[in-house]
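What follows draws every value from the coordinates through simple rules; no lab data is involved. A quick note: this is a predicted structure, and the numbers were derived from the prediction, not measured. Every residue, glycine among them, receives a Cβ derived from its backbone with ideal geometry; neighbour counts consider all protein chains shown.
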Amino acid sequence: MNAIQFQTFGNPDMLNYLALARPAAEAGSAIIQVKSASVNPSDVVNISGHFEHTLLPRIPGRDFSGVVVDGPAAWLGAEVWGTGGDIGFTRDGSHAEFIRIPVEALVRKPASLSHEQASAIGVNFIAAWLGTVEYAQLRAGETIAVLGASGGVGGAVTQIAKALGCTVIGIDRVAPADNSPAARLLDEYLPLDESAQRRIQALGGVDVVYNAAGGTAFEFALGLVKRRGRVVVISASGKRRVDFDLIDFYHNETQLIGVDSAKLGVAESAPLMAKLVNGFDSGRYEAPVIAQRYTLQEARQAYAAVAAGTRGRVVINM
């Protein structure tokens, strides 16, 4: 099979396009013919050596959509999708023509989505679901501020929160793209500056802040929540160590929640992917905008596009 692989850490130039043996189905596993796979920022930082647990040599790629071609008879020919914090890190990932995954990781993709669209969902929506639904337990009628609303995770948070019946305030350095779901769904967009903080404080604060903007926005996020509000953090980009007023923090009884979707392997992510299916097929959720498409042979260009901050999703079609 054709695949991309990296033997050493570095920049996208470390990716090699080569022919490897097609994986064979083992007991308890299935082989997926990958039709499309997205490139996430975490895939880019993975090849840079950011994740200490990554084992080399490795085929990268966390998200995929494809067809089962080997494994349990009941699954043969099924169109499936998936994601995981192990594939691309400790087991070979989706940036190849075929991938082997555990049978318990098999989830039928939404019928309403193409393989290309389905491949662009996993990491973003799993991180969004974990933070909003599982951990912060966002409820109908609450208000959530989404820092980084123009990004992939922020856009997914916006969709999930609106489907729950919440008010969503998007905050970012740039407004969501006009053709994106977030642009249509946000109740209000505010620039990431002091004016946003004054605006939200004038409202009495929000119930939940989802910080997908990183460490530079950490203290800013804490200043947005009402008493006993929940602050979800998924990124340390821009600043790993942060400072904040501890007295203000405990007087406000703020709840601080860290979310790491990479802790869930492809099998552990499967039940969450299954929960998302009806949301897309019913129209409650929309597929993200596909900004750029590449072939597997053009993987270096795809990775470079994500590293450069391309707005919208970048996918590799096999």
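Assorted remarks:
- Three-way shape label, the stretch 1-144, alpha-carbon gyration tensor, a/c 1.5: oblate
- Per-residue ellipticity at 222 nm computed for the chain from its helices equals -7000 deg cm²/dmol, with DSSP H segments shorter than 4 residues left out and the rest contributing -39,500 (n - 2.57).
- Peptide ranges 76-87, 43-54 listed from the most packed, as the mean C-beta count within 10 angstrom indicates: 76-87, 43-54
- Translational diffusion coefficient (Stokes-Einstein; Kirkwood radius from C-alpha pairs) of the stretch 15-59 at 20 °C, 1.002 mPa s, in µm²/s: 163
- Highest mean packing first, where packing is the average number of other Cβ atoms within 10 Å per residue, the peptides 246-255, 297-306 line up as 297-306, 246-255.
- Residue among THR216, THR143, THR158 with the largest mean-square fluctuation in a Gaussian network model of the chain, springs linking Cα atoms under 10 Å: THR216
- Top positive-direction residue, dipole computed over the stretch 110-265 with Cβ charges, set PRO181, LEU147, TYR210: TYR210
- Lys-Lys pairs in the chain that are eight or more residues apart or on separate chains and whose Cα atoms lie under 27 Å of each other come to 12.
- Under 11 Å, Cβ to Cβ, from MET273 - net charge with Lys/Arg +1 and Asp/Glu -1: +1
- Each Lys or Arg adds one and each Asp or Glu subtracts one; over the other residues with Cβ under 14 Å from the Cβ of LEU15, this totals -2.
- Choice from ALA37, ALA145, ALA274 with maximal GNM fluctuation in the chain (Cα, 10 Å cutoff): ALA274
- Additional length obtainable on full extension of the chain from ASP13 to ALA175, 0.36 nm per residue less Cα span: 55.2 nm
- Membrane-span-like helices in the chain, defined here as complete DSSP H runs extending at least 18 Å along the helix axis by their C-alpha atoms with mean Kyte-Doolittle hydropathy no lower than 0.5, are 266-281; this is a sequence and geometry rule, not a statement about a membrane.
- Choice from LEU15, LEU296, LEU256 showing the highest fluctuation, given a GNM over the chain with Cα pairs closer than 10 Å: LEU256
- Per-residue packing, averaged as other Cβ atoms within 10 Å, sorts the ranges 22-28, 178-184 into the order 178-184, 22-28, beginning with the highest.
- Whether the stretch 161-312 is rounded, prolate or oblate, judged on the alpha carbon gyration tensor where a/c under 1.5 counts as rounded: prolate
- Euclidean distance between Cα centres, the stretch 294-318 to the stretch 135-182, Å: 25
- Normalised by the number of residues in the chain, the mean separation of alpha-carbon contacts (under 8 Å, six or more apart) gives a relative contact order of 20 percent.
- Environment charge at VAL80 (Cβ cut-off 9 Å; Lys +1, Arg +1, Asp -1, Glu -1): +1
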